[in-house]
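Each value in this text was obtained by applying a stated rule to the coordinates, not by laboratory testing. Since the structure is predicted, the reported quantities are computational estimates derived from the model, not experimental observations. Glycine also receives a Cβ, built like all others from the backbone with ideal geometry; neighbour counts cover every protein chain displayed.
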Amino acid sequence: MARDRGEQLIVNNVQQPAERVVASVERVIVGKHVEVRLALVALLCQGHILIEDVPGVGKTMLAKALSQSIGCSFRRIQFTPDLLPSDVTGLSIFNQKTTEFEFRPGPIMAQVVLADEINRATPKTQSALLECMEERQATIDGVTHQMPSPFLVIATQNPIEYEGTFALPEAQLDRFMLRLRLGYPKAMEELVILDEQKRRHPLAEVEQVLGLEELREMQAAIKEVYVDQAVAEYIVRLVHATREHPDVYLGASPRGSINLYRATQAYAALAGRDYVIPDDVKQLAVAILSHRLIVKSQASLREVDPEQIVREILASVPVAEAASAAESEQARVS
């Protein structure tokens with residue numbers, strides 16, 4: 001009975017509202033159900049998203065559709081080599097009438113921020129996001145300004161073009177909860193896209209389907225999803241394996257462990273469960289861990305890919321003591 005009540009609460013308070021958001025976003029982003037759900041996982045976990053893909057596959061549209069569906073304020077920052085940190089965070093301007101400095105907030109002070117082509121800005125400007133993303137605050141001229149709630153940074157970058165770009169440092173990459181790749185649509189999906197845009201862009205028809213207070217309740221609800229100790233140990237073993245892999249120079253950080261742990265709670269809730277199973281971990285590990293790995297130079301010459309390494313680790317690290325869903329639930333109820 002306790003399990004039924006718990007799962008029913010998750011269905012009513014998380015799964016059903018989340019499905020409304022997914023359906024709304026998929027009116028714009030066609031054929032990317034898995035990627036849309038992963039973006040929603042990051043939103044529920046109050047994490048940030050890095051979308052790495054070629055131009056024209058819908059990276060910006062995903063950010064806009066998501067913000068419109070949840071009724072959040074949206075700002076876009078076009079990252080360029082001449083962009084300054086103050087262009088992102090804001091600056092203090094002297095008011096001659098009041099003879100005082102007034103703070104003019106930058107575009108980062110929004111609930112959903114699209115950092116478009118983030119790797120085109122200089123490292124100095126990229127570093128302006130570090131405090132904002134991790135501590136949800138910005139310190140300008142010695143004064144700390146809080147970010148709004150909810151706060152989500154969706155950054156995009158083109159992995160093909162390297163001229164005029166600056167690679168994101170490890171400290172920046174580690175602050176993104178997960179990395180997505182949308183990829184090209186299939187032929188039939190592309191026909192649907194063409195048909196839907198004959199007269200107007202479907203983004204113009206996206207309406208708010210979720211209130212901010214309801215979103216905050218969902219973010220609080222996923223923290224109550226049960227994670228068995230054996231599943232938590234499985235997460236730790238996977239992360240430790242990234243640090244010990246022979247082709248990896250720098251493995252995933254403890255922040256990666258926390259993000260994977262929290263993401264499995266949201267993923268389970270979206271599936272209508274109030275408990276996490278090892279398969280949830282396997283579904284999320286590549287998206288959450290791979291961008292945190294730095295591959296050794298000799299392995300890079302062999303074209304070893306971080307995603308490939310994470311998949312190898314998933315195949316080699318046994319679930320072992322991780323309890324089955326039924327055993328985990330029985331332990332929680334008792």
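For the chain, evaluate the Debye formula with one uniform point scatterer on each Cα (no solvent term) and list log10 I(q)/I(0) at q = 0.07 Å⁻¹, rounded to two decimals.
Taking Cα atoms of the chain as identical point scatterers yields -0.31.
By count of other Cβ within 10 Å, fewest leading, how are F166, F101, F94 ordered?
On the way: F166 17, F101 13, F94 9.
By the 10 Å Cβ count, ascending: F94, F101, F166.
Using amide H atoms built in the peptide plane, which far-off residues or other-chain residues are under 5 Å from I51 H to H?
A155, T156, Q157, L180
Could you pull out every residue, at least 5 positions away or on a different chain, whose amide H is within less than 5 Å of the one on S92? Hs are placed 1.01 Å off N in the peptide plane, and Pro or chain starts have none.
Those qualifying (amide H under 5 Å, at least 5 residues apart or on another chain) are R104.
Could you work out the helix-only [θ] at 222 nm for the chain, with each DSSP H run of four or more residues adding -39,500 (n - 2.57) and the total divided by the number of residues, to the nearest 500 deg cm²/dmol?
-13500 deg cm²/dmol
Ranking Y226, Y184 by Cβ neighbours within 10 Å, fewest first, what do you get?
Y184, Y226
Could you please rank I258, I160, I235, I140, placing first whichever residue has the fewest other Cβ atoms within 10 Å of its Cβ?
The order, fewest Cβ neighbours first, is I160, I258, I140, I235.
Through the Karplus equation 6.51 cos²θ - 1.76 cosθ + 1.60, θ set to phi - 60°, convert the phi angles of region 221-232 into ³J(HN,Hα) values in whole Hz; use x for Gly and Pro.
Each residue's phi maps through the Karplus curve to give 5, 5, 5, 8, 5, 6, 10, 5, 4, 5, 5, 4 Hz.
Multiply the residue separation of Q96 and L173 by 0.36 nm, subtract the distance between their alpha-carbon atoms, and state the gained length in nm to one decimal.
23.6 nm
Between I309, I193, I70, which gets the highest mean-square fluctuation from a Gaussian network model of the chain, Cα cutoff 10 Å?
I193
So which residue, out of L50, L152, L284, gets the largest mean-square fluctuation from a GNM of the chain using Cα contacts under 10 Å as springs?
Looking only at L50, L152, L284, the biggest GNM fluctuation is shown by L284.
Under a no-solvent Debye model with one identical scatterer per Cα of region 129-182, what's log10 I(q)/I(0) at q = 0.14 Å⁻¹?
For region 129-182 at q = 0.14 Å⁻¹, log10 I(q)/I(0) is -0.49.
Check L293: other-chain or 5+ apart residues with amide H under 5 Å from its amide H, H built from backbone geometry?
Placed amide hydrogens put nothing under 5 Å from L293.
Looking at this model, which pairs from K32/K59; K59/K198; K97/K124; K59/K282; K59/K186; K32/K124 are more than 23 angstrom apart at the alpha-carbon?
K97/K124; K59/K282; K32/K124
Which residue fluctuates the most in the chain, going by a Gaussian network model with Cα springs under 10 Å, if the choices are V236, V317, V209?
Among V236, V317, V209, the largest GNM mean-square fluctuation belongs to V317.
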